[in-house]
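What follows is a short report on a single structure.
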Amino acid sequence: MKKNSSQILIVVAVAAVAVVSFSLGRSTAPTSTASAVIAEQVKSELISLTQKDFEEYQNLKTLEERYKKADEILGKIVTVFLAELGVKLAFKSTNPAMLEGSCTIPAAQAQTPAPTAPAMTSHPAPTEGDPSSPQALTASKPGNEWISHEKALLEVRDENLALEELKKMEIKDLFSTLTSSSTLSTKNSSGIQGVYNGEINFFDRKTHKSDWLITWDVRLRQPNKEDAYALVILSKKDSGEVISRSQTSSGPLQDYMTVSGSAALIVNIRADKAYIQIYPLNGNTQVWVGNVYEQKKRGEYIMTGQVRLNKQ
């Protein structure tokens, strides 16, 4: 019996450390809807994983069986905690001082084009420091093969052709890409500020009987600081029912991310359950097109549709 009690105390202690560690990490990060959802998910999964196991533990008769069961419960708790901690660390905000080399969202059409650029194109000519330049694309890491298609995409002016080109640019391992991403600096956010409305079209009608409408509103609270207001609302197109509402009231634009060597903007639109990989159409930040990814299971995402966004 003494050995049984020790096992139970070990399990409870690990669970307590996991919850406290998660809470402390959460308190040092900017408040957001995504972090609240993750916290609730940890609690519910710990309860669902262990409740049945503890009932089985109580019904076991031999000391050896109880020892094995306690070890199994301990392993499950540690697995859940480490997985959730990995997700949280992947999306923590980045020090603005570290963002000097991050992707710069193309400026609005009012920007003066380079003398050698075509008159109809507002996208600046690639330079060595531009993430869309040939040098940057060549240097892309293994697993980021989708970046090699960006140059062709950014030259497309027709929206439908751009969406077809985007199908070649599916990010196969979105989670790994997110772990190496950087939070978009407010000084590079002029291309996404304002209100944008759009539509998400899904490929599989069995999974999604209705397409979604998407609205985002991005405003800077203090232009000279990493302090912004950002809101993303998703709703069903056929009924108008609101699916989710994600909001950051202050602090960095932590749900808007860039990837080194890429011109893409990756946006967390549904508390880590859905992301979009978007680009300005032909460099025009009034119109964005991209791919949509949804969470299949923790740490794994699949491409399920495409998105169009227009500035209002």
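The values are calculated or read from the model by the stated rules, or taken from the named source; none is laboratory data. None of these values were measured; they are calculated from a predicted model. All Cβ positions, glycine included, derive from the backbone under ideal geometry; neighbour counts span all protein chains shown. When the accessible area is computed, the model is the full protein with side chains, heavy atoms only, and any ligands, DNA or RNA have been set aside. Shrake-Rupley method; radii C 1.70, N 1.55, O 1.52, S 1.80 Å.
Yes/no per residue for (1) at pLDDT below 95; (2) within 12 Å of residue 171 (Cβ to Cβ); (3) in contact with a Pro (Cβ under 6 Å, 6 or more places away or on another chain):
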| site | (1), (2), (3) |
| --- | --- |
| 264 | no, yes, no |
| 267 | no, no, no |
| 271 | yes, no, no |
| 284 | yes, no, no |
| 290 | no, yes, no |
| 293 | no, yes, no |
| 297 | yes, no, no |
| 305 | no, no, no |
| 309 | no, no, no |
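Within segment 209-216, is even one residue surrounded by 14 or more Cβ atoms within 10 Å (Cβ to Cβ), in the same structural domain as residue 293 (by the TED database), out of contact with any helix residue (DSSP H, G or I) (no Cβ under 9 Å at 6 or more places or on another chain) and outside any strand (DSSP E or B)? Let's see the steps before the verdict.
Step one: list which residues in segment 209-216 are surrounded by 14 or more Cβ atoms within 10 Å (Cβ to Cβ), which gives 210-216.
Next, only the ones that are in the same structural domain as residue 293 (by the TED database) stay: 210-216.
Then keep just the ones that are out of contact with any helix residue (DSSP H, G or I) (no Cβ under 9 Å at 6 or more places or on another chain); that gives 210-215.
Filter once more, keeping what is outside any strand (DSSP E or B): 210-211.
Yes, the conditions are met somewhere in segment 209-216.
Does residue 285 satisfy the criteria of being in contact with a Gly (Cβ under 8 Å, 6 or more places away or on another chain) and either outside any strand (DSSP E or B) or of a type in the set (S, T, N, Q) (or both)? Explain how you work it out, then say what you get.
Values: in contact with a Gly (Cβ under 8 Å, 6 or more places away or on another chain): yes; either outside any strand (DSSP E or B) or of a type in the set (S, T, N, Q) (or both): yes.
The answer is yes for residue 285.
Just one of (1) in the same structural domain as residue 215 (by the TED database); (2) open to solvent by 10 Å² or more (accessible area, probe 1.4 Å) trips up residue 158, so point out which.
Evaluating residue 158 over (1) in the same structural domain as residue 215 (by the TED database); (2) open to solvent by 10 Å² or more (accessible area, probe 1.4 Å) leaves (1) as the failure.
Being under 14 Å from residue 274 (Cβ atoms) and acidic (Asp, Glu) narrows it down to one residue among 211, 227, 158; which is it? Lay out the reasoning, then the answer.
Details: 227 fails: under 14 Å from residue 274 (Cβ atoms); 158 fails: under 14 Å from residue 274 (Cβ atoms).
Among 211, 227, 158, only 211 is under 14 Å from residue 274 (Cβ atoms) and acidic (Asp, Glu).
Please go through segment 250-282 and pick out each residue that is open to solvent by less than 50 Å² (accessible area, probe 1.4 Å) and either part of a loop (DSSP other than H, G, I, E, B) or charged (D, E, K, R) (or both). I'd like the intermediate steps shown before the answer.
Pass one, segment 250-282, residues open to solvent by less than 50 Å² (accessible area, probe 1.4 Å): 251-259, 261-269, 271-272, 274-282.
Across segment 250-282, the qualifying residues are 251, 252, 255, 259, 261, 262, 263, 264, 269, 271, 272, 282.
List every residue pair whose Cβ atoms sit under 7 Å apart, with the two residues 6 or more apart in sequence or on different chains, where the first one lies in segment 228-246 and is touching a residue at least 40 places away in the same chain (Cβ under 8 Å) and closer than 17 Å to residue 189 by Cβ and the second, anywhere, is part of a strand (DSSP E or B) and open to solvent by 80 Å² or more (accessible area, probe 1.4 Å).
228/219; 228/221
So that you can scan it fast, the table gives a plain yes or no per residue for (1) over 15 Å from residue 184 (Cβ atoms); (2) without any contact (Cβ under 8 Å) to a residue 24 or more places away in the chain:
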residue	(1), (2)
253	no, no
256	no, no
262	no, no
267	no, no
272	yes, no
280	no, no
291	yes, no
296	yes, yes
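When segment 268-301 is examined, which residues are found to be within 14 Å of the chain's Cα centre (by Cα) and aliphatic (A, V, I, L, M)?
269, 271, 274, 276, 278, 292
If we only count helices (runs of 4 or more DSSP H) wholly inside segment 110-190, which ones have 3 or more residues that are at pLDDT 95 or above, closer than 19 Å to residue 281 by Cα and not charged (D, E, K, R)? So that I can check it myself, show each step before the final result.
Values: elements: 134-138, 150-154, 159-166, 174-179.
Fully inside segment 110-190 and qualifying: 159-166.
Counting just the residues of segment 176-186 that are in contact (Cβ under 8 Å) with a residue 60 or more places away in the chain and surrounded by fewer than 17 Cβ atoms within 10 Å (Cβ to Cβ), which one comes out farthest from residue 235 (Cα to Cα)? Outline the logic, then answer.
Here is the first cut: in segment 176-186, the ones in contact (Cβ under 8 Å) with a residue 60 or more places away in the chain are 177-186.
Cutting the leftovers down to surrounded by fewer than 17 Cβ atoms within 10 Å (Cβ to Cβ) gives us 179-180.
Numbers: 179: 28, 180: 30 Å.
So, considering only residues that are in contact (Cβ under 8 Å) with a residue 60 or more places away in the chain and surrounded by fewer than 17 Cβ atoms within 10 Å (Cβ to Cβ), the one farthest from residue 235 (Cα to Cα) is 180.
If residue 247 meets every condition in (1) over 26 Å from residue 158 (Cα atoms); (2) surrounded by 16 or more Cβ atoms within 10 Å (Cβ to Cβ); (3) within 15 Å of the chain's Cα centre (by Cα) apart from one, which number is that one?
So the condition that residue 247 fails would be (2).
Out of segment 287-312, which residues are surrounded by 21 or more Cβ atoms within 10 Å (Cβ to Cβ) and among the β-branched types (Val, Ile, Thr)?
Result: 289, 292, 307.
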